[in-house]
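Below is one structure; the comments refer to it alone.
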Amino acid sequence: MDRALPTDPLPALPPQPISLDVLREKYLKPGEQSVDDLFDRVARAVADAEAPEQRALWAARFRQHLAAGACRVPADW
């Protein structure tokens, strides 16, 4: 089942210095530089629960939803 992402994503807010500090100190792993790196890692980790041949597909989907604001994923997706 393939569902479209929401068409009205929330507007992006500019990052605040404290937010970037927290991101670096608490969430990024060595070698990661940005929230995009974090989203890539998390999407791959979540997709690891899927069948091996489906992992790349699901990692891409999870990554899209993280970037769009994962809380907006419908419950029946």
message: Six or more apart or on different chains, Cβ atoms under 7 Å: show the pairs whose first residue is in region 44-55 and of a type in the set (Lys, Arg) and whose second is at pLDDT 95 or above and part of a helix (DSSP H, G or I).
response: Arg44/Ala59; Arg55/Ala47
statement: Scanning region 21-39 for residues that are surrounded by 11 or more Cβ atoms within 10 Å (Cβ to Cβ) and touching a Leu at 6+ places or on another chain (Cβ under 9 Å) gives Leu23, Tyr27, Leu28, Glu32, Ser34, Val35, Asp37, Leu38, Phe39
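The values are calculated or read from the model by the stated rules, or taken from the named source; none is laboratory data. A quick note: this is a predicted structure, and the numbers were derived from the prediction, not measured. Methodologically, a virtual Cβ is constructed for each residue, glycine included, from the backbone with ideal geometry; neighbour enumeration extends over all protein chains shown.
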